[in-house]
1. Looking at the stretch 58-81, can you tell me whether even one residue there is within 16 Å of the ligand (Cβ to nearest atom), of a type in the set (A, V, I, L, M) and without any contact (Cβ under 8 Å) to a residue 12 or more places away in the chain?
2. Out of the residues in the stretch 131-150 that are of a type in the set (G, A, S) and in a helix (DSSP H, G or I), state the one that is farthest from D92 (Cα to Cα).
3. Restricting to the stretch 1-18, and then to whatever is more than 15 Å from the ligand (Cβ to nearest atom) and part of a loop (DSSP other than H, G, I, E, B), can you tell me which residue is modelled with the lowest pLDDT?
4. Quick check on my filter: what residues within the stretch 19-31 are in contact (Cβ under 8 Å) with a residue 24 or more places away in the chain, surrounded by fewer than 24 Cβ atoms within 10 Å (Cβ to Cβ) and more than 11 Å from the ligand (Cβ to nearest atom)?
5. Among the listed residues E160, E142, which satisfies the condition of being away from the ligand (no atom under 13 Å from the Cβ), modelled with pLDDT under 95 and either exposed (fewer than 12 other Cβ atoms within 10 Å of the Cβ) or under 17 Å from the mean Cα position of the chain (by Cα) (or both)?
6. Considering each residue of the stretch 106-117, count those that are surrounded by 17 or more Cβ atoms within 10 Å (Cβ to Cβ), free of Cβ contacts under 8 Å to residues at least 60 places away in the same chain and out of contact with any strand residue (DSSP E or B) (no Cβ under 6 Å at 6 or more places or on another chain), and give that number.
7. Read through the list (1) part of a loop (DSSP other than H, G, I, E, B); (2) in contact with a Pro (Cβ under 8 Å, 6 or more places away or on another chain), then give the number of the only condition that P58 fails.
Amino acid sequence: MLEGREIIVGVSGGIAAYKAAALTSLLVQQGAGVTAVLTQNACQFVGVATFAALTGRPVVTQSFDSQSYPLGAHIELAARAHLVIVAPATADLIAKAAFGAADDCLTTLLLCATCPVLMAPAMNSAMWAKPSVQRNLKQLAEDGVGIIQPGTGWLSCRQEGAGRMAEPNAIAAVIADALSDRHRG
Ligand SMILES: Cc1cc2nc3c(=O)[nH]c(=O)nc-3n(C[C@H](O)[C@H](O)[C@H](O)COP(=O)(O)O)c2cc1C
């Protein structure tokens, strides 16, 4: 279904990062070539070895790696990507992307991307309710980023509420739709 498609899975530092591994596996099983780009904080939650094994590729965790990416990973990966999905997208990543900041590989790659970009926010319900977060998401949507809305349910902070990241299979379905023939120019 996704044969010949190059997908960047960007992972930022939220507890839902563990679900990004399941999403990555689903995309690989559907035939996509997947490269994982983790923020430094994402590495607190999930292991590089997990994503390397799932994708069969090196995992990008930093901007500067002249051996693997002499032009810069942000440039080389953005140039060949058909789609970028950030899952989970933290409040921090969302704010930086809305502002156009580029202080790590993932945010810099987002600025270089000319393909469709999707984000699956995930955070505590108090964070999710903050006007600043909603303002930043509105800005991203206006800028053409597809926001995959979180659901309401069990949160790792031991509350029920809004901010629970969409499930990996639901995110994979949105990706498949975004890459389907009917969206090709
Ligand atoms: C245990 C724990 C869980 C966290 N979960 C989330 C989360 O689900 N969503 C979020 O936006 N931030 C969460 N944070 C805060 C982020 O890790 C923090 O804002 C960090 O700066 C994000 O960095 P990044 O966006 O560069 O990956 C959590 C922090 C801790 C310590």
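1. The answer is no, given that none of the residues of the stretch 58-81 is within 16 Å of the ligand (Cβ to nearest atom), of a type in the set (A, V, I, L, M) and without any contact (Cβ under 8 Å) to a residue 12 or more places away in the chain.
2. A141
3. Here the residue is M1.
4. Scanning the stretch 19-31 gives A21, A22, S25, L26, V28, Q30, G31.
5. After ruling out the rest, the residue left standing is E160.
6. Summing the residues that are surrounded by 17 or more Cβ atoms within 10 Å (Cβ to Cβ), free of Cβ contacts under 8 Å to residues at least 60 places away in the same chain and out of contact with any strand residue (DSSP E or B) (no Cβ under 6 Å at 6 or more places or on another chain) in the stretch 106-117 gives 3.
7. (2)
Here is a yes/no grid of residues against (1) over 18 Å from A178 (Cβ atoms); (2) surrounded by fewer than 14 Cβ atoms within 10 Å (Cβ to Cβ):
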site	(1), (2)
P70	yes, yes
I85	no, no
A89	no, no
G100	yes, yes
D104	yes, no
P121	no, no
S132	yes, yes
I147	no, no
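The values are calculated or read from the model by the stated rules, or taken from the named source; none is laboratory data. These figures come from a predicted structure and were not determined experimentally. Every residue, glycine among them, receives a Cβ derived from its backbone with ideal geometry; neighbour counts consider all protein chains shown.
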